[in-house]
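Comments concern the structure below.
The values are calculated or read from the model by the stated rules, or taken from the named source; none is laboratory data. This is a predicted model, so every value here is computed, not measured. Every residue, glycine as well, gets a Cβ built from its backbone with ideal geometry; the counts of neighbours run over all protein chains shown. Remember, those area values only see protein heavy atoms, side chains included, never the ligands or the DNA or RNA. Shrake-Rupley method; radii C 1.70, N 1.55, O 1.52, S 1.80 Å.
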Amino acid sequence: MTKRHLGLVACAVPGLYLLLSPVYALLHYQLFAAEPPHFIRYVLIPGVLGAAVIAIGLLAKPRISVLVGICASSMLLGLFLFEAMHTVSVVSVRLEMLGQLSEAQAETLRRNKNIVPGFTLRSLNRLSGTDELPEALLSGFPATQVVLCTSKDGIVSYTADRYGFNNPDDVYSRRLDLMLLGDSFVEGFCLPPGEDLASSVRAGGATTASIGIRGNGPLVELAMLGRFGELLRPRHVMMVFVEGNDWENLERELAVPWLRQALSPDANFGLQSTAQATMREARSILAERKNAPVTSVDLLTRTSLLRNFVALQQTLARLGLVYPKIAGDRPEFRKILHRAKELAKGWGGTFTLVYVPRMDRFIGPFSSDRPFDPLRRRVLDAAAAEGIPVLDLHEAIRAQPDPILLYAPDAHFSRAGAKFVAKEILRSIAVKETGLPITAAIKRPCGEACLPPMATP
């Protein structure tokens, strides 16, 4: 091989790799190139760098092209070695999120008929053949032990309350101050009992029910509010919107015909009694799932681990250079907020949206809010149009000395994060009700402003 050919090959490898980014971004233009920050990050910068490296290989003197090619290839190899190191560290976190068990844990799971692995309502309804909203499974399984994740200390789980949610059952013996709607952030993913968000709010003095299950999006949460809101009649309802995946979850939910029925003003949300057949079918499906062990192969089939490795996801995330997909228009989101507000208003309750920023905002020296803010503006504008107050946690978290400590390695709330958000929620409730300090507002006598005592479910 001549020196010129060597220089060309050495430049072609990193050059072509860099050009993969603009090619992929332009093929998925609406997701990765339609906004200026994304176009600069995914098209312009890697495109110019890739083209420049290849041009040097083609046009520069052999000595220069070899030098540039070897340097560029060495840097690329170094980045992949760095990526491999962090990917290995991520594997254990991902397997814990999927619920990988040791042999002893798996045997315990198989023997205990009252324990189920984690699940999403969307997948269980799909597998159960749900086609009508009143028959849909919109809760977990009452009095059942639910696995949240596994860790070095063992299985992290909770025992579901009478409706199938992560609460102590006696929370329903009093009128609820607050109902929290949401996904795994509200369910308390991988947090031991008593350390989750709802438990932290309860510790602050507000009687709170967590109505959250992993994988939920805004439309499922609206349906859950329709089924359980009138039954529980909380004084306040808060829908926790997670910036990381709720917009994509909403897109998937809108593709489900029976779930879109929840948007109708006269929707029949059904009762727990109308969903019993679906619940039995879903429980049978989970019984089969818990006999199937989670393996490393699941990382390739159930996650984007391989794609992320090729894209140097871990490396770029630590630099603050991973941008979210561009948020498309979802006019149904405003309808969801409108319906939720009307439902809460029906029993004299209030409705608030809680906005949770994704962890990626706070990672790396080049992190920036700008690529993330278009979605935030969409969500906040929709709430403002409906006259719905928003507890926007972005500014509060950004103001912390080290915001990343509020998140766990799996990108959910850490224990410190759950406690921090609970304080913000308590402060929001206090200001909404009286303007008094949190403790005084939460513990004040009911007075004329309180709802009539509800019957114990």
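For the chain, carbon and sulfur atoms together expose 61% of the accessible surface, with a 1.4 angstrom probe and every protein chain in place. Computed over the alpha-carbon atoms, segment 1-92 gives an Rg to Rh ratio of 1.08, Rh here being the Kirkwood radius from the mean inverse distance. Based on the convex hull around the alpha carbon atoms, segment 1-53 presents an average projected area of 3.4 nm². If Lys and Arg each add +1 and Asp and Glu each add -1, what is the summed charge of the other residues whose beta carbon sits under 13 Å from the beta carbon of LEU375? Every neighbour counted, the sum reads -3. Here HIS5 and ALA385 are evaluated by their C-beta separation; at R0 = 45 Å the FRET efficiency comes out at 0.15.
A probe of 1.4 angstrom, applied to the heavy atoms of all protein chains, finds CYS11 with accessible area near 0 square angstrom.
Placing unit charges on the Cβ atoms only, positive for Lys and Arg and negative for Asp and Glu, gives the chain a dipole magnitude near 780 debye about its Cα centre.
Within segment 103-191, DSSP assigns beta bridges of which about 75% are antiparallel (rounded to the nearest 5). Normalised per residue, the accessible area of the chain is 46 Å², obtained with a 1.4 Å probe and no contribution from ligands, DNA or RNA. Entry note, the chain: the mean residue ellipticity at 222 nm calculated from DSSP H runs of n ≥ 4, each adding -39500 (n - 2.57), is -15500 deg cm²/dmol after division by the residues and rounding to the nearest 500.
Here the chain was treated as a single set of alpha-carbon atoms; its pair distances binned every 10 Å from 0 give 4, 18, 27, 24, 14, 7, 4, 1, 0, 0 percent.
Taking Cα atoms only, the orientation of helix 218-232 departs from the longest principal axis of the chain by about 20 degrees.
When its C-alpha radius of gyration is set against 2.2 N^0.38 Å (N residues), segment 332-410 gives a value of 1.30.
In this rough spin-label picture, where each label sits 7 Å from Cα along the Cβ direction, the ARG307-ILE70 distance is 3.8 nm. Take each peptide in 77-88, 173-184, count the other Cβ atoms within 10 Å of every residue, and average; sorted highest first, the result is 173-184, 77-88. Per-residue SASA remark: GLU288, around 130 Å² accessible (1.4 Å probe; ligands, DNA and RNA not included).
Under a Cβ-Cβ cut-off of 10 Å, what is the net charge of the residues other than SER210 that fall near it, where Lys and Arg count +1 and Asp and Glu count -1? Mind showing how you got there, number by number?
On the way: positive: ARG202; negative: ASP161, GLU187, ASP196.
Value of the local net charge: -2.
On the principal axes of its alpha-carbon atoms, segment 159-231 has extents of 29, 28, 20 Å, going from largest to smallest. Restricting the calculation to Cα atoms, segment 96-255 yields a radius of gyration followed by a Dmax of 15.5, 46 Å. Of all DSSP bridge pairs formed entirely within the chain, close to 25 percent run antiparallel.
Taking the Cβ-Cβ separation of LEU59 and GLU248 as r and a Förster radius of 56 Å, what is the calculated FRET efficiency to the nearest 0.05?
Values: r = 43 Å, r/R0 = 0.77.
It comes out at approximately 0.80.
Highest mean packing first, where packing is the average number of other Cβ atoms within 10 Å per residue, the peptides 326-333, 346-353 line up as 346-353, 326-333.
For the chain, the relative contact order is 16 percent, taking Cα pairs closer than 8 Å that sit 6 or more residues apart in sequence and dividing their mean separation by the residue count.
Legend: Rg and Dmax of segment 148-197, from Cα coordinates, 11.7, 38 Å.
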